[in-house]
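*Asks:* One structure follows; several queries about it will come next.
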Amino acid sequence: MRFTFPLMAIGLEVAMIVLFGLFVQYETDQNVSQQPNSTKSPTVDVDRYLDLYPLFQDVHVMVFAGFGFLMTFLRKYGFSSMGINLLIAALGLQWGTIAQGILQSHGEKFHIEIKNMINADFSTAAVLISFGAVLGKTSPIQMLTMTILEIAVFAVNEYLVVEVFGASDIGASMTIHAFGAYFGLAVAGILYRSSLKEGHRNEESVYHSDLFAMIGTLFLWVFWPSFNSAIADAGKNQYMAIVNTYFSLAASVVTAYACSSLLESRGKLHMVHIQNATLAGGVAMGTTADMANTPYYAMIIGSIAGVVSVFGFKFLTPFFTTKLRIHDTCGVHNLHGLPGVIGGLASIVFIALETADTSAMAMQAAALGSSIGTALVGGLVTGP
Amino acid sequence: MRFTFPLMAIGLEVAMIVLFGLFVQYETDQNVSQQPNSTKSPTVDVDRYLDLYPLFQDVHVMVFAGFGFLMTFLRKYGFSSMGINLLIAALGLQWGTIAQGILQSHGEKFHIEIKNMINADFSTAAVLISFGAVLGKTSPIQMLTMTILEIAVFAVNEYLVVEVFGASDIGASMTIHAFGAYFGLAVAGILYRSSLKEGHRNEESVYHSDLFAMIGTLFLWVFWPSFNSAIADAGKNQYMAIVNTYFSLAASVVTAYACSSLLESRGKLHMVHIQNATLAGGVAMGTTADMANTPYYAMIIGSIAGVVSVFGFKFLTPFFTTKLRIHDTCGVHNLHGLPGVIGGLASIVFIALETADTSAMAMQAAALGSSIGTALVGGLVTGP
Amino acid sequence: MRFTFPLMAIGLEVAMIVLFGLFVQYETDQNVSQQPNSTKSPTVDVDRYLDLYPLFQDVHVMVFAGFGFLMTFLRKYGFSSMGINLLIAALGLQWGTIAQGILQSHGEKFHIEIKNMINADFSTAAVLISFGAVLGKTSPIQMLTMTILEIAVFAVNEYLVVEVFGASDIGASMTIHAFGAYFGLAVAGILYRSSLKEGHRNEESVYHSDLFAMIGTLFLWVFWPSFNSAIADAGKNQYMAIVNTYFSLAASVVTAYACSSLLESRGKLHMVHIQNATLAGGVAMGTTADMANTPYYAMIIGSIAGVVSVFGFKFLTPFFTTKLRIHDTCGVHNLHGLPGVIGGLASIVFIALETADTSAMAMQAAALGSSIGTALVGGLVTGP
């Protein structure tokens, strides 16, 4: 037992190195100039390598600092949640690079670009969301296993959504947020022990742990427009994804505060709502971030997400713990699960209103179903 | 009373959505190509959308994380100041987009660009500065009101400064920093109660709250060059604004530490000075950031600002509290007010030395007067 | 004594302003168009000023927020280490600009670009690394002296490495990390008092101070790819430096966790390892960041660095304190010294394997020797 974790970690790292040796190559200048944009002058080609780098860095801050600090609110798990967060993300980005790359290249060698690094960070984000549901209930060894299994399922679901269904989910409301939340809930259901029902004295925040969590909240909030736009088509689509997310987040803050004050005794604001529900607008905007062609639409989505998220924290989380026997430590169902589903449904509504293309609507519905379905199956298999 | 805040917040959000529906549109590709730079190749046009996005993100971090954490130094108000900061900023950026856009388009529909988002964040920054003066003395409801009123006055003053006077204030020493500080001081004067004179036991920092405040200080410090250059003309002006601010800030750190040690007993450094006066160089550099054509000029400005800010904290703040009956919780007069005025005066001196264009000097003076005047009037009206 | 620090700080700032007045100029548009890339269209020229700005900002966050917070782990020195960090960095970037500029221009006036700001931040980073070795043992006055002397030696060593030896050290494993660590260790050796051997009750972290240190760790971790690529040649080299560092860091996290669990009682992870050894992959990747043409090579470097760093913390640091009479407060030898040497050696091995160019190998060895040698001599001279 004493050596299980070190040996497993070393073994996984060796496996990653071998897989990278077999499959991963750098872009060569030749590859770059064979891209569709090859009519650009050579000088501009030089810049092409790094076009996405600022957006990547924003996403990178979100995954490592944002998710890491968001989970420090528990007074006794602050440091260990940060530590495990870093481990999951560091292993996950290597394995995510391989899993996604091999699927997309159908088993051939593939070249790595900044975009692959963004997608690797994305795959990691799904695991970190699931980690939020099981925080305090798992060992580092279990988290290594979950990282490997969840990212494999994630890559398969993403392949289904993008390549098979041809659905659109640019900011990944469905493939990251809903997927990560339901995967984590399924695992949390397996790990349930009846003692969790009474609550635990460590399951509390203290004043400073709440401030640390706000580091996470704010860096996630600030960089979310980059998350939703990082892999959008350059130009107008990317620009719309940024602006829509900016306003959707702002709207969700206002409605989340309103609902928090409404539901709490004496009109106080609840810290968990401020830390979490203020981000619901970013999650819910994901799928339609590059579709919505007027900002007020984004603000409606964000407003709804803020309301739903606060009501979820207030009423659904206790219900899940006591009735469904699912203990969701960080309330990821309210921050990622429900708003992720809203994001998917919004894309169906939006297509219905704009083009009424029933085939496109069906594909979005299939993507949403696949994201939740693979997550639940994957989580139930991973749990034990 | 119990429902005032929720209803007011929901009502404001609905109003924002309606206003956005009436006035705000996305840029179309056609608009973009009608810009002056339309001789650029189509490929380059695609990039044009996001040229300012990295600078916007730096400003965005400053407004949400920088100002938020800077105000966590009080041991009992840390969390509520962060929470209100986020609420003000989220509502303010929506209202700022509308107020500025309608004024500039003279009531027509307008297109939204990344630059509008920067300006919306800027309008929010003015309110957050004012919030620093009244921290601990107001309710969330009062802050919603203040956000709406202050941003309206802010947009009018900015219109006067830029469109009517044709003055230059690229880094907004006058229109954001001096404006925000004097607006807040006017409100604080109205809210004065004699009990504030004796100080309050909650008006203290503790060890960890000072470290949280340093998160704010450092992210403001690091990104201030982006704040002062974000809306400067691309090319040489933007580059000069960045480099000037970089060196001005560095100089203000050194002189602020020197003065702090000089004024404190036994030569110790005072935490409030480290947290605040180190930023005075960024504030004071604002107006002349894109004018000053030698870095040593920037270092002189920064050195002066660091000295003035520390002396302000040491001598002016107690004087304001006891004699003027204005209780300035965070000392915004010393960080934003005085250095902002220095910034405005520096632009007059600079024009005098370089071109001696008396008309330009008069317009800068008018801009400074307008920023302080509208702020005081606005604050006095808003206070009750 | 009472006035020594203020007068010294003011005097140094005045000296900086005079030196800037004598030597530093802005780029003019004419200079820009005389660059080799002058075939670009005028529109693109405008952008040229800011090409490196996003990378600069990432480095800037690392130097000011990253290094600052990394040193907050001691429960009683958190605030003073942050304060001194800011002072060193603010003075150092001014002096670094001058020292490097004058050496490179051979005493002529020189123009300042974003790249100079990156290099100025780099010179500052070396001093901050040395500061980690002497934290808690020095006064602010001593740190001002050390900043001036160390950056002068740093600039000389960098000149030797780049201009004289023509060696390659793009991410500065040797010239910043090894140099800074050995300089600091030499000073720490001079400052040794036997009371340090028994340890000190302030030499402990508490729960929250460890979380503050993680802010430093995570922002360093996330932005390290920018550190190693900021001054690389645009295009493929820069891209490779980014990707190599990304994967090297990920690998060092996994192996550092494995070794930490292996060496600690009951398989627990040690917080100091999580905070520091996870960064060793970034340090060790520095020299070969733009050479290594396959990512798995980067992962091997990172894996080795993570292992070596943890073993260093566990066994070398106690040995240094008790036997060598060198008390290394933050363990910079394990985070910067050893991984920096690994980085230098890796470049020799890499050249041996790829081209077997013995002259190039000798120059890399000379660079490594020079970095350690000038650091030790400089540190021993500075110490008293």
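*Asks:* Can you sort B:91, B:316 by solvent-accessible area, 1.4 Å probe, largest first?
*Replies:* Reading off the accessible areas and sorting them downward yields B:316, B:91.
*Asks:* Given a 1.4 Å probe and the protein chains all in place, what does the accessible area of residue C:115 round to, in Å² to the nearest 10?
*Replies:* In the full protein context, residue C:115 sits at about 90 Å².
*Asks:* Using just the C-alpha positions of the range C:294-364 as equal point scatterers, what log10 of I(q)/I(0) does the Debye formula give at each q in 0.16, 0.18, 0.27 1/Å?
*Replies:* Ignoring solvent entirely, the Cα scatterers give -0.66, -0.75, -1.11.
*Asks:* Which of the three applies to the range A:152-305, rounded, prolate or oblate, going by the alpha-carbon gyration tensor with a ≥ b ≥ c and a/c under 1.5 meaning rounded? Each step should come with its number before you reach the end.
*Replies:* Details: a/c = 2.31, a/b = 1.30, b/c = 1.78.
Since a/c reaches 1.5 but b/c is at least a/b, the shape of the range A:152-305 is classed as oblate.
*Asks:* Label residue A:354 and residue B:139 with points 7 Å out from Cα along Cα→Cβ: what is the distance between them in nm?
*Replies:* In this crude label model, residue A:354 to residue B:139 measures out at 4.3 nm.
*Asks:* Can I ask one more? Pop the C-beta distance of residue B:156 and residue B:266 into the FRET formula with R0 = 41 Å and round what comes out to the nearest 0.05.
*Replies:* 0.25
*Asks:* Tally Lys/Arg at +1 and Asp/Glu at -1 over every other residue whose Cβ is under 12 Å from the Cβ of residue A:56; what's the total?
*Replies:* Residues near residue A:56 contribute -4 overall.
*Asks:* Okay, next question. Report the charge-dipole magnitude of the range A:97-256 in Debye, nearest 20, computed about the Cα centre from +1 at each Lys and Arg Cβ and -1 at each Asp and Glu Cβ. Intermediate values should be presented prior to the final figure.
*Replies:* Working: 7 positive and 12 negative charges, 42 e Å.
Result for the range A:97-256 is approximately 200 debye, rounded to the nearest 20.
*Asks:* Something else: Shortest first and in nm with one decimal, please list how far the residue B:108 label point sits from its counterparts in the other copies (point 7 Å along Cα→Cβ).
*Replies:* 5.2, 5.2
*Asks:* I've got another one for you. Could you identify which residue out of A:328, A:210, A:169 has the top mean-square fluctuation in a GNM of chain A using Cα springs shorter than 10 Å?
*Replies:* A:210
*Asks:* Among A:21, A:83, A:68, which one moves the most in a GNM of chain A with springs linking Cα atoms closer than 10 Å?
*Replies:* Its mean-square fluctuation being the largest, the pick is A:21.
*Asks:* Sticking with this structure for a sec: Can you send over the solvent-accessible area of residue C:240, 1.4 Å probe, protein chains only, in Å² to the nearest 10?
*Replies:* Accessible area of residue C:240: about 10 Å².
*Asks:* Within the range B:221-261, list the residues whose amide N lies under 19 Å from a label point set 7 Å along Cα→Cβ of residue B:319.
*Replies:* What the label zone holds, given the 19 Å backbone N cut-off, is B:259-260.
*Asks:* Same structure, new question: Can you tell me the dipole magnitude for chain C around its Cα centre, using point charges on the Cβ only (Lys, Arg +1; Asp, Glu -1), in Debye to the nearest 20?
*Replies:* Dipole size: approximately 1440 debye.
*Asks:* Let me cross-check residue A:377: its accessible surface, 1.4 Å probe, with only protein heavy atoms counted, in Å² to the nearest 10?
*Replies:* Near enough 90 Å² of accessible area.
*Asks:* On to the next question. In whole percent, what relative contact order does the range A:270-334 give with Cα contacts below 8 Å and a gap of six or more residues?
*Replies:* 32 percent
*Asks:* Please tell me the relative contact order of chain C in percent, rounded to the nearest whole number, where contacts are Cα pairs under 8 Å and at least six residues apart.
*Replies:* That works out to 22 percent.
*Asks:* Tell me the carbon and sulfur percent of the accessible area for the protein assembly as shown, rounded to whole percent, probe radius 1.4 Å.
*Replies:* 63 percent
*Asks:* Can you pick out the pairs among B:137/B:323; A:236/B:109; C:268/C:314; C:115/C:236; C:115/C:137; B:314/C:137 whose Cα atoms lie more than 23 Å from each other?
*Replies:* As for pairs spanning more than 23 Å Cα to Cα, those are C:115/C:137; B:314/C:137.
*Asks:* Determine the order of B:22, B:353, A:185 by accessible area, beginning with the largest, at a probe radius of 1.4 Å. Write out the running numbers ahead of the final one.
*Replies:* Numbers: B:22 100, B:353 135, A:185 10 Å².
In descending accessible area the options line up as B:353, B:22, A:185.
*Asks:* Next up: Using a label point 7 Å beyond Cα on the Cα-Cβ vector, give me the inter-copy distances for residue C:237 in nanometres, one decimal, shortest first.
*Replies:* Result, one decimal in nm: 3.5, 3.5.
*Asks:* What FRET efficiency comes out for residue B:8 versus residue C:377 if R0 is 51 angstrom and r is the Cβ-Cβ distance? Round to the nearest 0.05.
*Replies:* Calculated transfer efficiency: 0.15.
*Asks:* Is there a quick way to get the dipole size of the protein assembly as shown? I mean about its Cα centre, with the Cβ of Lys and Arg at +1 and of Asp and Glu at -1; what is the value in debye to the nearest 20?
*Replies:* In total the dipole reaches around 4220 debye.
*Asks:* Can you give the accessible area buried between chains C and B, summed over both chains, with a 1.4 Å probe, in Å² to the nearest 100?
*Replies:* Separately minus together, C and B give about 4800 Å² buried.
*Asks:* Say a label goes 7 Å from Cα toward Cβ at residue B:18 in every copy; what distances in nm does this one have to the rest, shortest first?
*Replies:* 6.7, 6.7
*Asks:* How many Å² of accessible area per residue for the protein assembly as shown, probe 1.4 Å? Write down the numbers at each step before the final one.
*Replies:* Working: 36660 Å² over 1152 residues.
Per residue, the protein assembly as shown has 32 Å² of solvent-accessible surface.
The values are calculated or read from the model by the stated rules, or taken from the named source; none is laboratory data. Quick caveat: nothing in here was measured; it's all calculated off a predicted structure. Counting neighbours? That spans all protein chains shown, and the Cβs are built from the backbone with ideal geometry, glycine included. Note: accessible area is taken over every heavy atom of the protein model, side chains too, but ligands, DNA and RNA are not part of it. Shrake-Rupley method; radii C 1.70, N 1.55, O 1.52, S 1.80 Å.
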